[in-house]
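First up is the structure itself, then whatever we jot down about it.
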Amino acid sequence: MARMVMMVFCVVVTCMVVAETYGQSITCDQVVSDLSPCYGYLTNGGAVSSACCSGVDALNSAANSASARQPACNCLKSFYSSNSGINLSNAASLPSDCGVNLPYKISQSTDCSTVE
Ligand SMILES: *[C@@H]1O[C@H](CO)[C@@H](O)[C@H](O)[C@H]1NC(C)=O
C-alpha cells in the first residue's frame with residue numbers, strides 16, 4: 001500500500017515538473033481536449049455545461065501570456081475550421097457564457113499574431 005502511494009506521488013511530482021517546464025506553451029491537443037465538452041454547445045447552442053466551462057477556464061489559465069495565447073488562438077481557429085458543424089456565433093459567445101474573460105475574440109477572422 002505504501003509503495004502504491006509512493007508511486008502515485010512520484011507520478012504526480014513528475015507531472016508537476018513537466019508542467020512547470022512546459023508551462024509557457026499549450027498544445028493543440030490540450031486545446032481540443034479542453035473544448036471537447038463544449039462541442040454540443042458549439043454546434044447546437046443551448047445551455048453551456050459546467051464541464052465545458054471548466055475547459056474554457058482551464059484553457060484561459062493555461063494560455064496566460066502572449067506567447068502562449070498566440071498558439072492557443074491558432075489551435076482554436078484550426079479546431080473551428082476543421083469542425084464544419086461549429087456555429088461561430090456560439091463560439092464567439094462561449095467565453096462570456098462561461099463568465100470567463102478571454103482577452104481575445106475567437107473567430108475565423110481573428111489574426112492570432114496580434115493577440116497579446
Ligand atoms: C448560430 O447560433 C445562433 C444563436 O445561437 C443562431 O441564431 C444562428 O442561426 C446559428 N447559425 C447557424 C449557421 O446555425
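Just so you know, all these numbers are worked out from the coordinates, no wet-lab data involved. Here the structure is a predicted model, which is why all the values come from computation and not from measurement. As a convention, Cβ positions derive from the backbone with ideal geometry for all residues, glycine included, and neighbour counts pool all protein chains shown.
For LEU102, list long-range residues whose amide hydrogen, built 1.01 Å from N in the peptide plane, is under 5 Å from its own amide hydrogen. Residues meeting the amide H criterion: none. Basic side chains Lys and Arg get +1 at the Cβ, acidic Asp and Glu get -1 at the Cβ, and with that the dipole of the stretch 27-114 about its Cα centre reaches some 140 debye.
Between SER49 and THR110, what FRET efficiency follows from the Cβ-Cβ distance if R0 is 22 Å, with the result rounded to 0.05? Each step should come with its number before you reach the end.
Values: r = 24 Å, r/R0 = 1.10.
Efficiency for this residue pair is about 0.35.
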